[in-house]
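Everything below concerns the one structure shown next.
The values are calculated or read from the model by the stated rules, or taken from the named source; none is laboratory data. As the structure is a computational prediction, the values presented were derived from the model and not from experiment. Reconstructed Cβ throughout: ideal geometry from the backbone, glycine too, with neighbour counts over all protein chains shown. Accessible surface is based on the protein model in full, side chains and every heavy atom, while ligands, DNA and RNA are left aside. Shrake-Rupley method; radii C 1.70, N 1.55, O 1.52, S 1.80 Å.
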Amino acid sequence: MPRARSKDDLIKSANEQYQKLNELIASLTEEELATAFDFSADPKKAERHWSRDKNLRDIYIHLHEWHRLLLNWIRANEKGESKPFIPEPYTWKTYGDMNVEFWQKHQKTGLDEAKKLFEKSHAEVFGLLDKYTNEQLFGRGVYPWVNTDLGSYFVSVMPSHYDWAMKKLKAHRKNCR
């Protein structure tokens, strides 16, 4: 599916990717869920996240924390608090370190709790999305604190990130077979 360029397309792609992600997760076997992720044998999987995430909980937490980034960023800026999307001390060049911090923060979070956090933050993002018009989401220069368009952040945090999660889960499933 092409990248969403309208509110309707965004809602459709986010819903579709969310559903596909949940269907994929539901299809994982007990063995696949119990086996730690290990992509070290694949030189094409050298990016940091391939070694960071070890299980489904880590994926849920990553998605949840990125939902929280979007929610906190929008809410703060709408209140007049000037905050960047990536919170200090991180930048777009160092956000990998932020992702590791998210991972470390949740190492004692259980799978069930991680799933609940993910589902709750997903619903919150959808609730926030609903309040914006197409022009507010995809018009350029609508908000002074948004470099591109607000919709692109929703796309990144929802359908694009859900696609990322599915790729990782499918690669894990392949490794288990």
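Could you grab me the full set of residues in region 1-48 that are assigned to a helix (DSSP H, G or I), open to solvent by 60 Å² or more (accessible area, probe 1.4 Å) and more than 20 Å from PRO159 (Cα to Cα)?
Listed by number, the residues that qualify are GLU30, GLU31, LEU33, ALA34, ARG48.
Please give the number of the condition LYS131 fails out of (1) charged (D, E, K, R); (2) over 25 Å from TYR18 (Cβ atoms); (3) at pLDDT 95 or above.
With respect to (1) charged (D, E, K, R); (2) over 25 Å from TYR18 (Cβ atoms); (3) at pLDDT 95 or above, LYS131 is out only on (2).
Conditions (1) over 22 Å from THR148 (Cα atoms); (2) modelled with pLDDT of 95 or more; (3) within 16 Å of the chain's Cα centre (by Cα), marked per residue:
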{"site": "ARG75", "(1), (2), (3)": "no, yes, no"}
{"site": "LYS83", "(1), (2), (3)": "no, yes, no"}
{"site": "PHE102", "(1), (2), (3)": "yes, yes, yes"}
{"site": "GLU113", "(1), (2), (3)": "yes, yes, no"}
{"site": "VAL125", "(1), (2), (3)": "no, yes, yes"}
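If you check every pair at least six apart or on different chains, which have Cβ atoms under 7 Å apart with a residue in region 35-55 that is closer than 23 Å to GLU65 by Cα first and a residue that is at pLDDT 90 or above and β-branched (Val, Ile, Thr) second?
ARG52/VAL100; ASP53/ILE59
Looking only at helices (runs of 4 or more DSSP H) that lie completely in region 88-161, which have at least 1 residues being open to solvent by less than 90 Å² (accessible area, probe 1.4 Å) and over 30 Å from ALA26 (Cβ atoms)?
95-105, 134-138, 150-155
Among residues belonging to region 162-171 that are of a type in the set (Lys, Arg) and open to solvent by 30 Å² or more (accessible area, probe 1.4 Å), point out the one that is nearest to the chain's Cα centre (by Cα).
Taking the candidates together, the pick is LYS167.
For region 49-73: of the residues being acidic (Asp, Glu) and part of a helix (DSSP H, G or I), which is nearest to the chain's Cα centre (by Cα)?
Restricting to residues being acidic (Asp, Glu) and part of a helix (DSSP H, G or I), the top hit is GLU65.
Does LYS44 satisfy being at pLDDT below 95 and more than 28 Å from ASP112 (Cβ to Cβ)?
For LYS44, the condition - at pLDDT below 95 and more than 28 Å from ASP112 (Cβ to Cβ) - is met.
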